[in-house]
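Heads up: the structure comes next, in structure tokens.
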Amino acid sequence: MILKKTFGLIGFPLGHSFSRRYFTQKFLSLGLRGYEYQLFELRNEEEILSLLKDCPSICGLNVTSPYKQSIIPYLDDIDDVAAEINAVNTIKVSANGLIGFNTDYLGFEYALLQAADISRIDFALIFGSGGAARSVAYVMKRLKIPFLFVSGKEHSGDDTITYHQIQNFDLKKNLLFVNATPCGMQGKASMVPIDTACIREHHILFDLIYNPSPTLLMTEFQKKGAKTVDGLSMLYAQAEESWKIWTK
């Protein structure tokens, strides 16, 4: 008898996700019979409790928007890094309960180092304020790149500016823009409210979205001659880190 082991992704919506395809291929390549990866669309984070009850074969879960932060109270323990970032994207189901980890920061750091010479980045502007944005900020601290969050809300804090305040920056600097919002995701034909007239050829956009690619935001940056990177390599890198956590 083959023991069934289930892994999956929780969030809402999940129609854009490549995670199931990635892990299904991985299981096939490793010859892991009985392993499966499912997409679990939860209407709220509390539904994780009934999900685990109804599907006792679950060994590990990935977490995506909008639950990377709100899922934390439902966990039994949390890794130190995930606690510092205050966001979880990986859950290990163990004898000790639900343990939360963050592999987003490792995925982003790997992808950024592959795509850009960070020694030439003067400053980073991070669009968003959720779990993904916090993971990006953690990497900026690790790499010693100064940064600010960019929000649509006025007076959001000392570490945050609004989109129209980007115009006040020295645009001659080598700026890294990171889109850590859902804007531009499949089914959302939109982009963050940035005036792309401020974009220059020496700027870089890292859009965490990978479906579709290019996003509308990436296309607008490309029109200005700026380098753009999508989130696909980050997805794969963080997925591999999740796999290490689930199987070690």
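Annotations for the structure displayed:
- Solvent-free Debye scattering, log10 I(q)/I(0), computed from the Cα coordinates of the stretch 5-102 at q = 0.16, 0.20, 0.21, 0.22 Å⁻¹: -0.65, -1.00, -1.09, -1.18
- The alpha carbon convex hull volume per residue for the stretch 147-248 rounds to 130 Å³.
- Interchain or long-range residues, amide H under 5 Å from Thr228's placed H: Leu205
- Sorting the segments 212-225, 34-47 by their mean number of nearby beta carbons within 10 angstrom, highest to lowest, gives 212-225, 34-47.
- Of all DSSP beta bridges in the chain, antiparallel share, percent nearest 5: 20 percent
- Compactness of the stretch 37-166, expressed as Rg and Dmax over alpha-carbon positions, Å: 16.7, 51
- Scanning residues 5 or more positions from Ile58 or on other chains, those with amide H under 5 Å from its amide H are Thr6, with H placed 1.01 Å from N in the peptide plane.
- The packing ranking of peptides 48-55, 175-182, highest mean first, is 175-182, 48-55, where packing means the average number of other beta carbon atoms within 10 angstrom of each residue.
- For the stretch 80-155, projected area of the alpha-carbon convex hull averaged over all directions, nm²: 6.2 nm²
- For the stretch 5-102, the antiparallel share of DSSP beta bridges with both residues in that region comes to about 35%.
- Scaling against 2.2 N^0.38 Å puts the C-alpha radius of gyration of the chain at 1.04.
Computed from the coordinates by the stated procedures, all read-outs in this text should not be read as laboratory data. Here the structure is a predicted model, which is why all the values come from computation and not from measurement. Here the Cβ is made from the backbone with ideal geometry for all residues, glycine too, and neighbour counts use every protein chain on show.
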